[in-house]
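Take a look at the structure set out below.
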Amino acid sequence: RPRSLSGIQPTAESFHLGNYLGAVRQWVGLQEDHDAFYFIADLHALTVQPDPAQLRARVHRSAAQLLAAGVDPERSALFCQSHVPEHTQLAWVFNCLTGFGEAGRMTQFKDKSAKAGADKASVGLFTYPILQAADILLYNPHHVPVGEDQRQHLELSRNLAQRFNHHYGETFRQPEAYIVKGTAKIADLQDPTAKMSKSASSPNGIVDLLDDPKKAAKKIRSAVTDSGDTIRYDPEGQPGIANLLTLFATVAGTTVDDVVAQFEGQQYGHLKVALADLVADLVSGFGERTRAYLDDPAELDRVLAAGAARAREVAAPVVVDVYDKVGLVRGV
Ligand code: AQP
């Protein structure tokens, strides 16, 4: 079976609709016919110095949400990045293969360091995509389900795989980004030209999966749209409506064309009200399932430990092989 691999940062509060529709839903789909490895990227979270007690809570919160979203620990290895030390062991080798300028060209680093202020951005934030390359290549995955914002990082992973193979012999597969066109960039509800993001300027722009259903519905009903009145899919001219149509089609499990046909001749408000109901249902069920998983932290720990054990079975021999190939002497 082909392999799939992806990760997500442990969320402060809740994953948002962009994380879910853009990435996690694909994780769930791929576990049907892939050997799947999915991790909570707690080491990546350290790049912005989170509060230690909160970070610990965030890991459980994230595991519970991933299970609530449908990640099945029987079929997928679900684990915490820091429980598999091979990620950082391989990252060092890739740090030494990556050019300084090459790392500096990562647009996410440029955006995030500009926001933090150049002197405040950590070296960890700078090398983040290189650790991400290690996260990915350790598992030699065929498919990496992510949102559009990760495309450039995936390209770096592919380049590092190729570079390593060129220097030291065939070792890594060049993974393919698994980016689903329609949902790869869910837009902010208040600024539909920007991606829905946890660092959004207005909290009303993002629907959190653990939002109260009424609050989630209200955010959808207050979404910014253009001044026209024809419901059609035109991402350039009517980005707000295009985003709502995408959300509707994905949550209802239908196509954008069908949704456009369903609302033909109706007003924007009709689409918003109907979508608000769908999203309220989605977050209501999601919240209930997440709270049930959070009631049993020992079970969450058990799932993560079993996932890490499965991940290490794959990751450990890769690091031994890589360390041999680059010329490190084995310890006794
Ligand atoms: N708006 C989005 N549309 C589609 N996919 C998205 N993803 C994030 N936002 C959208 C995808 O979610 C996965 C997990 O992302 P992450 O752990 O890297 O979180 P993130 O990218 O930090 O999420 P945010 O909200 O976008 O955070 P900031 O504001 O810090 O940048 C990834 O596959 C990502 O593509």
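The values are calculated or read from the model by the stated rules, or taken from the named source; none is laboratory data. Note that the coordinates shown come from a computational prediction; the quantities given were computed from them, not determined experimentally. Note that each Cβ is placed from the backbone with ideal geometry, even for glycine, and that neighbours are counted across all protein chains shown. Ligands, DNA and RNA are stripped out before the accessible areas are found, and what is left, the full protein with its side chains, is counted by its heavy atoms. Shrake-Rupley method; radii C 1.70, N 1.55, O 1.52, S 1.80 Å.
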**Request:** Sorted from largest down, give the three principal axis spans of the alpha carbons of segment 227-332, whole angstrom values.
**Result:** 75, 39, 21
**Fill in**
Of all DSSP beta bridges with both partners in the chain, the antiparallel percent, nearest 5, is 10 percent
**Request:** With a 10 Å radius around each residue's Cβ, average the other Cβ atoms per peptide and rank 188-194, 230-236, 323-329, highest first.
**Result:** 188-194, 230-236, 323-329
**Message:** Let me check I've understood the local charge: for Thr183, count other residues with C-beta under 12 angstrom from its C-beta, Lys and Arg +1, Asp and Glu -1. What total comes out?
**Reply:** +3
**Prompt:** Which whole-number percentage describes the relative contact order of segment 212-291, with Cα contacts under 8 Å and a sequence gap of 6 or more?
**Reply:** 41 percent
**Message:** Students often check this: by mean Cβ neighbours within 10 Å, which of 157-167, 137-147 ranks highest, and how do the rest follow?
**Reply:** 137-147, 157-167
**Under 17 Å from the Cα of Lys120 - aspartates and glutamates, other chains or at least 8 residues apart** = Asp51, Asp111
**Request:** Report, ordered by chain and residue number, the aspartates and glutamates lying within cross-link reach of Lys219, taken as a straight Cα distance under 12 Å and ignoring same-chain residues fewer than 8 apart.
**Result:** Asp188, Asp208, Asp211, Asp277
**Kirkwood hydrodynamic radius over Cα pairs of the chain, then Stokes diffusion coefficient at 20 °C and 1.002 mPa s, in µm²/s** = 102 µm²/s
**Request:** Taking amide H positions as placed in the peptide plane 1.01 Å from N, state which residues far from Phe39 in sequence (5 or more) or on other chains have amide H under 5 Å from it.
**Result:** Ser6, Gly7, Ile8, Phe79
**Prompt:** Tell me, what HN-Hα J-couplings in whole Hz come from the Karplus equation 6.51 cos²θ - 1.76 cosθ + 1.60 at θ = phi - 60° for each residue of segment 167-181, using x for Gly and Pro?
**Reply:** 6, 10, x, 3, 9, 10, 7, 7, x, 9, 5, 9, 10, 7, 3
**Request:** Arrange the peptides 3-11, 219-227 so that the one whose residues have, on average, the most other Cβ atoms within 10 Å appears first.
**Result:** 3-11, 219-227
**Request:** Using only Cα atoms, tell me the angle between helix 297-326 and the longest principal axis of the chain; keep it within 0 to 90° and round to the nearest 10.
**Result:** 50 degrees
**Message:** Output needed for segment 185-257: three equivalent-ellipsoid semi-axes, defined as square roots of 5 times the C-alpha gyration tensor eigenvalues, in descending order, whole Å.
**Reply:** 19, 15, 11
**Fill in**
Bounding extents of segment 30-180 in its principal axis frame from Cα atoms, largest first in Å, are 41, 40, 30
**Message:** Contact order normalised by length for the chain, with contacts defined as Cα pairs under 8 Å and 6 or more residues apart; what percent is it?
**Reply:** 22 percent
**Item:** From phi via Karplus (6.51, -1.76, 1.60), per-residue ³J(HN,Hα) for segment 90-107 in Hz, x at Gly/Pro
**Value:** 6, 4, 4, 4, 6, 4, 7, 9, 9, x, 4, x, 4, 5, x, 7, 5, 5
**Prompt:** From Cα coordinates alone, what are the radius of gyration and Dmax values for segment 5-99 in angstrom?
**Reply:** 14.0, 40
**Request:** For an R0 of 25 angstrom, estimate the FRET efficiency from the Cβ-Cβ distance between Val329 and Thr171 and round to the nearest 0.05.
**Result:** 0.85
**Fill in**
Per the rule of 0.36 nm per residue minus the C-alpha distance, extending Asn95 to Asp119 adds in nm 6.5 nm
**Request:** With all protein chains present, calculate the accessible area of Arg291 using a 1.4 Å probe and round the result to the nearest 10 Å².
**Result:** 140 Å²
**Item:** Nearest-0.05 FRET efficiency for Arg163 and Asn204, computed from C-beta distance (R0 51 Å)
**Value:** 0.70
